[in-house]
Structures are given as C-alpha cells and as structure tokens.
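Structure first, then comments.
The values are calculated or read from the model by the stated rules, or taken from the named source; none is laboratory data. A quick note: this is a predicted structure, and the numbers were derived from the prediction, not measured. Ideal geometry is used to build each Cβ from the backbone, glycine not excepted, and the neighbour counts take in all protein chains shown. Remember, those area values only see protein heavy atoms, side chains included, never the ligands or the DNA or RNA. Shrake-Rupley method; radii C 1.70, N 1.55, O 1.52, S 1.80 Å.
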Amino acid sequence: MNFINNKWMRAAVPALLIHCSIGTVYCWSTFKNAIAEKIGMDAFSVGWAFSLAIFFLGMSAAFMGKMVEKDIHKSSLLSCICFTVGMIGTGLFIEFTSGVFALIGIFVCYGCIMGIGLGVGYLTPVKTLMLWFSDNKGLATGISIMGFGLAKAIATPIMEAIQKSLGITWMFYILGGVYFVMMMLGHFLLKKPDGWVESDEANDSFKPMSMFKNKTFLGIWIMFFINIHCGLALISYEKQILELVFTRPSPIK
C-alpha cells in the first residue's frame, strides 16, 4: 500500500499523465495546415482555434481555481472529459463537415471545450504537487513543466505518422482515446496528502480584485504575459517557420 500512497504515485505520476496529454496543444503547427486543407479554409482562419484554446486555458484556470482547491478529483475528471471530448469532436467536424460550419465546430470543440480542459487540467496536478512536495516546490513545478515538454517531444512524431498513414481525422480519434485512458488513470491516482484539509477561512478572506491593486503582482503578471505571448506566437507557426528555413534555396552558389 505504501508503494501507491506516496508523493510519486499520488502526485508526480498523475501530473505526468495529465500534462503529457494536455501538453499536446503545443503541437498545433503540426496539423494546422492539414485541417485547413481538409475543410477547405485558409490556415489563418483555422489558426484562431489555437488562440481560443489558449484564451479558455487562461480563463478557466483563473475562474475555476476555487473548484480545483476544493475538489481535485472533480477538477481532474472535468479536465479529462473536456479535453478528450474536444479532441474527438474536432475530428468529427473535420471529417463530416466543411467550410464555415466546420470552422465553427473546430472553434467550439478545440478552442472552447478543449481549452477548458487545458486550464483545469494544468492547475489540478500543480496544486497536488505543491502539497506533496511542500519542501521542494521548485522540483514540483519542474515535474509539471516537464510533462508539457515531453508531450510535444513524444506526440509530434506520432501525430505526423498517424496523419501520413490514416489521415488527420483518425489522428484526433486515436489520440483522443489514448489521452482519455491516460488522464483517467491520472484522475484515479491523484490524491491529496492524508489529513490535508483546505482552510475555508483563507479562501473566504481572499479578494480577487485586490490583486490588481498590488504593483508587485501587476509587474509579475505583465512579465509573464509578454513572455508567454511571444512563446505561443512562435509555437503556433513553428513547423511552418522551420519548413521555410530548411527548404529555402541557399543564396550561396
């Protein structure tokens, strides 16, 4: 029993399972053009689905944080359902519709529904890691970020292989099913330390609007916003940038 009920099996492993699933949002440039070609729309219009996903990631993380604090099992289950339904729904709209109708469906499934799964799914393991690794919060944060990095490194070649052999729609179906299993396993393993009870007094005394009166908070927030904005802008066009660099004819003759 001690093999299961420890910080690695109750926090680190679930964090990797969940973050290695939702972190595939960073693979967007791998299949963006394939989606645009399949539904008959331009890549720029399709690109707004990624922007919506990141927007809903931020909004759900900000406004559903209290739910995560109170019940990590409810939040991890919600994340699993939203993320995988969003992925499979995206595949369905790509396969059975086209044009503007397909684009709206992708916005709803990939952008809104999956985006909510991203935000809630990002917070839940981090919260649990902080409780189990209270004396090593830097390590806890590193484990969660590592999951996102692993997701992109592992999923990119798999996505490209599935696209080449089965097509873009089956990529969403297969990976949606795989991530459902991974995230559900993470959901069942995830657990707060024994005896831990959230302080209702601390939650009730916190005033969200007070953050915007704190200059230190605003400075850190602006720094993070600029940093993340630049990084995501590159990620959304990463494959196209690399193709341009490596396929461009050399000026030296």
In the stretch 113-152, anything open to solvent by 40 Å² or more (accessible area, probe 1.4 Å), touching a Leu at 6+ places or on another chain (Cβ under 9 Å) and either modelled with pLDDT of 90 or more or within 22 Å of TRP28 (Cβ to Cβ) (or both) is listed as ILE116, TYR122, MET146, LEU150
Scanning for something under 15 Å from GLY119 (Cα atoms) and either assigned to a helix (DSSP H, G or I) or in contact (Cβ under 8 Å) with a residue 40 or more places away in the chain (or both), does the stretch 36-48 turn up at least one residue? no
